[in-house]
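Encoded as structure tokens, here's the structure I'll be asking about.
Taken together, the values in this text are just the output of simple stated rules run on the coordinates, not laboratory data. Model, not experiment: these values are computed from the prediction. Ideal geometry is used to build each Cβ from the backbone, glycine not excepted, and the neighbour counts take in all protein chains shown.
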Amino acid sequence: MPPPPPAVPAYAKLNLTLAVLGKRADGYHDLASIFQTISLHDSLRFGVTSDGVLDLAVSEPELQTPENLVLRAAALLRAQVGQPALGAHIELEKEIAVQGGLGGGSSNAALTLLALDQLWQTRVPMGQLEALAARLGSDVPFFLHGGTARIAGRGEKVVPLPDVKLLSFVLAKPAVRLSTAAIFGRVTPDHYGSTEDTDALERAIIAHAPLPLDRLSNSLEPIVFAAYPEVAAARDALQAAGAPLVRMSGSGPTLYAPFATREEAAEVYLRARSSGLAVRLCHSISGTEYWASILGPLLVDGD
Ligand code: C5P
């Protein structure tokens, strides 16, 4: 038996800012956001073949469907290069909560594009990969880059930013799943924000200055906190455990508390855990680490 293909990490993201700027004619919303990849990750293994078969085995059976973004990404890349004999047996081990606001499905899809392009040696230019990614979902193009980035449009416009100093996070996952479409469906002009917080964060990141944590914000929080009391309760519990600041990621419900040091994060994590909250400890993943940890396992001698 040949050894199994190496595991490749598909990292989650947090939204450090998320401003909804307005509704577009196509039904999507224009956004201004800063995305940050974090150490929480799913793992994928890609075994490539030339028998034209694409299949996927997922640790969570409910995700094992032909609509899974991993299979859709593989099929889209194969169609793009017009080589129907390309095949792949893909295994996906989930760690990132489904419908949690952490971009798990989008990350899986982008990693599939990057990994299969490497393993199939199809060498699709980044611009084309970005176009394929945008067809799969608004958040997918970001995960072709990882690290810290400014996001615009419906989410698909990505401007990579310099690496930020390592941040630690305590994540809290209220026991509710939220559909992105349903949360955006409740947005009214009252919820619209401006680009100010995103601009301020971007300026600090470019200047390598400490992050102005008071600028972290999310236009969707009032909608989720009002409609799902369990999310507001988890926020209160994380604050009660000592987190000075708690924000929601994406369309929720995952909450995060940022810390400059691992020690401060660990203290709050332990207190929150003993109060019965479902919490995880993680840290930021820079763009450099992102690429190294994805490409490292995929490169073979001679690449
Ligand atoms: O792009 P994606 O398929 O991830 O988006 C899911 C849904 O979330 C969209 O169909 C839309 O209803 C909503 N959405 C939005 N504005 C965005 C991104 C998503 O209204 N910028």
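Can you give the helix-only mean residue ellipticity at 222 nm for the chain, where every DSSP H stretch with n ≥ 4 adds -39500 (n - 2.57) and the sum goes over all residues, rounded to the nearest 500 deg cm²/dmol?
-10000 deg cm²/dmol
Under 22 Å from the Cα of residue 165, which lysines turn up, not counting those fewer than eight places away in the same chain?
Here the lysines satisfying the reach criterion relative to residue 165 are 13.
Further question on the same structure: Which value, in nm² and rounded to one decimal, describes the direction-averaged projected area of the C-alpha convex hull of the chain? Each step should come with its number before you reach the end.
Numbers: hull surface 66.2 nm².
If you wrap the Cα atoms of the chain in a convex hull and average its projections, you get 16.5 nm².
Sorted by mean Cβ packing within 10 Å, highest first, what order do the peptides 171-178, 63-70 take? Before the final figure, lay out the partial values.
Values: 171-178: 19.4, 63-70: 15.9.
Result, highest mean Cβ count within 10 Å first: 171-178, 63-70.
To the nearest 10 degrees, how steep is helix 262-274 against the longest Cα principal axis of the chain, on a 0 to 90 scale?
80 degrees
Using the crude model of +1 on Lys and Arg Cβ and -1 on Asp and Glu Cβ, and no other charge, please compute the dipole size for the chain relative to its Cα centre, in debye to 20.
340 debye
Relative to the longest principal axis of the chain, what angle (0 to 90°, nearest 10) does the C-alpha long axis of helix 196-206 take?
Roughly 60 degrees, rounded to the nearest 10.
Let me ask something else about it. If you count the DSSP beta bridges with both ends in the chain, what percent of them are antiparallel, to the nearest 5?
85 percent
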